[in-house]
Amino acid sequence: MNINSLDLNLLHTLSVLLAEQNVTRAAQRLHLSQPSVSAQLARLRLVFDDPLLLPGPRGMLPTARAEVLREPLRLALEAVERAVATPDIFNPADADVTWRIAATDYTSSALMLPALKLIRMAAPQSRMAVLALNPPQVAQQLEKGELDLVFHTGDNAPPTLHQRKLFSERYVLAGRRDHPHLQQPPTLDQFCRLEFVMVSPDGGGFSAATDEALAQLGRSRRVVLSVPHFLLMQETLVNSDLVAVLPERLVRHATQLTVVDPPLAIAGFDILLLWHERLHRDPAQQWLRQQIVAAL
């Protein structure tokens, strides 16, 4: 059988004919004329090389080949109908779904923690996997379905993805709560004499946006510790005299730290939510994005 000779209309006609076993009644159900249904039946007989339906005392009788086709054909047509049907409205209360989100430890803390409470309350059966952000791979991971959402800085965000700006971040200077040099905002000279810890996601870096801003003023600072995660940085600040320039949202509620404005302008950054076109209209994904925005 040449499958290219088939189309959904023919298969739908055959399914209705097998159900009604009468050309006239089948034509009425299909909203077609009787000659049109007869013509389609003639095409089906050629395609399957079988009479399919034979004249009987009370209508038409299916052949053995038609009987074999009846149930698989019904299931296949039902599957097609489900596939092309308008998606159901997403009901988070009953949703058994797993979301995969890529984030740094900073965006996990600043974004996922506030959103998690809302999501868990509304969708208690859902699960969430937060994966480490790998910027060069995010477009491919989203396209393959390995990720649903990505939290990304505004620079170098893949232009092929949908994006929504969540907020603009600024930098602050932080140290332990009773740090002797942070009881008031330091001058630039005092700032440059402090000893700093910084986060280097790539590992081992000792220069960041703060150093670029200082270089424009002909100044520099002393970074004595480089760590891979913000969590380790905060533990270091609480338990030493080291200070750090870090995103404000990360320490907004850190009662163990003193937070002041740095004595120079340091370029901040935008945080974006990224997703692929294949999930752009998915009701569950739309709901998840709405919860994250609402949490902010």
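The values are calculated or read from the model by the stated rules, or taken from the named source; none is laboratory data. Since this is a predicted model, take the numbers as computed values, not measurements. Neighbour counts run over all protein chains shown; Cβ positions are idealised from the backbone, glycine included. Accessible surface is based on the protein model in full, side chains and every heavy atom, while ligands, DNA and RNA are left aside. Shrake-Rupley method; radii C 1.70, N 1.55, O 1.52, S 1.80 Å.
Here are a few things to note about the model shown:
- Answer label for semi-axes √(5λ) of the Cα gyration tensor in Å (calculated), chosen among [x] 68, 18, 14; [y] 32, 22, 18; [z] 35, 21, 20: [x]
- Amide H contacts of VAL172 (H built 1.01 Å from N, under 5 Å, at least 5 apart or other chain): LEU246, GLU248
- Percent of Cα pairs exceeding the 15 Å cut-off, where the set is segment 46-85: 54
- Carbon + sulfur, % of accessible area of the chain - ligands and nucleic acids excluded, 1.4 Å: 51
- The distance separating the Cα centre of segment 17-94 from that of segment 119-155 comes to 43 Å.
- Accessible surface, per residue, of the chain when the full set of protein chains is kept, probe 1.4 Å, Å²: 57
- Sites ALA122 and THR24, calculated FRET efficiency, Cβ-Cβ separation with R0 45 Å, nearest 0.05: 0.30
- DSSP bridge pairs, the chain: antiparallel proportion in percent, nearest 5: 60
- Efficiency of FRET between PHE269 and ALA76 - r from beta-carbon atoms, R0 41 angstrom, step 0.05: 0.20
- Working from label points 7 Å from Cα in the Cα-to-Cβ sense, the HIS253 to ASP282 distance is 2.9 nm.
- A straight chain from LEU46 to HIS31 at 0.36 nm per residue would run longer than the Cα-Cα distance by 3.1 nm.
- Annotation: amide H of THR104 within the under-5 Å range of LEU133, sequence separation 5 or more or interchain, hydrogens built in the peptide plane.
- Rg and Dmax over the alpha-carbon atoms of segment 168-220 stand at 12.3, 33 Å.
- Computed P(r) (all Cα pairs; segment 198-296; 10 Å bins; percent): 12, 34, 28, 18, 8, 0
- Distances between placed amide hydrogens fall under 5 Å for LEU61 paired with LEU54, GLY56, all partners being 5 or more residues away or on another chain.
- Each semi-axis of the equivalent ellipsoid for segment 1-102 is √(5λ) with λ an eigenvalue of the Cα gyration tensor; in descending order they amount to 36, 15, 13 Å.
- Sequence-ordered 3J(HN,Hα) estimates for segment 205-219 from the Karplus curve with 6.51, -1.76 and 1.60 and θ = phi - 60° stand at x, 10, 9, 8, 4, 4, 5, 5, 5, 5, 4, 5, 9, x, 10 Hz, glycine and proline given as x.
- Over all projection directions, the Cα-based convex hull of segment 228-282 averages an area of 6.4 nm².
- All-pairs Cα distance distribution in segment 76-191, expressed in whole percent, bin size 10 Å: 10, 27, 28, 20, 10, 3, 2, 1
- Percent of Cα pairs in segment 250-296 per distance bin of 5 Å, from zero to the largest separation: 5, 13, 15, 16, 14, 11, 10, 8, 7, 0.
- Couplings 3J(HN,Hα) for segment 279-296, derived from phi with the Karplus relation 6.51 cos²θ - 1.76 cosθ + 1.60 (θ = phi - 60°), are 10, 4, 9, 5, x, 5, 5, 4, 4, 4, 4, 5, 5, 5, 5, 4, 5, 8 Hz, where x marks Gly and Pro.
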